[in-house]
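The values are calculated or read from the model by the stated rules, or taken from the named source; none is laboratory data. Fair warning: this is a prediction, and the values are worked out from it, not measured in the lab. Neighbour counts are summed over all protein chains in view; Cβ atoms, including those assigned to glycine, are modelled from backbone coordinates with ideal geometry. Only protein heavy atoms, including side chains, enter the accessible area calculation; ligands, DNA and RNA are left aside. Shrake-Rupley method; radii C 1.70, N 1.55, O 1.52, S 1.80 Å.
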Amino acid sequence: MASAQLPAGSTLEEIRNVSGDQEAIPLDADRSVEWVAGPEGHERIRPEIVLGFHDLCLAKPVNDEDWYMGSLNDDGSVDCWTAYSDLYEALRGL
């Protein structure tokens, strides 16, 4: 799995401007990411891209176009509670 990377066609400056977080950074995708909002309990997500925004994250799973928003935990794991079909919609939702 690739380490920290940006979405294709996006720059860090653009992500920071749209999100309003000038300290946003790409994070290593080799971490535990779980969808915790479903009624079936936790579902593991295999991230391709993870973007960090202080204590929030956006994660894009492998083979999925959706972006999942969640909390960045102290141990580096992410618990996601909402999903967006568009990166820029997710960035504005932070």
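Key figures for this structure:
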read-out	value
Contact order relative to length of the chain, as percent, for alpha carbon pairs under 8 angstrom and 6 or more apart	24
Estimated 222 nm signal from helices in the chain, with DSSP H stretches of n ≥ 4 weighted -39500 (n - 2.57), rounded to 500	-3500 deg cm²/dmol
Which labelled figure in [x] 5.2; [y] 14.0; [z] 5.6 is mean projected area of the Cα convex hull in nm², once derived from the coordinates	[z]
FRET efficiency estimate (nearest 0.05) - Cβ-Cβ, R46 to Y88, R0 25 angstrom	0.60
Per-residue SASA entry for V33, accessible area with 1.4 Å probe, Å² rounded to 10	0
Most mobile of E40, E14, E48 in a GNM of the chain (Cα contacts under 10 Å)	E40
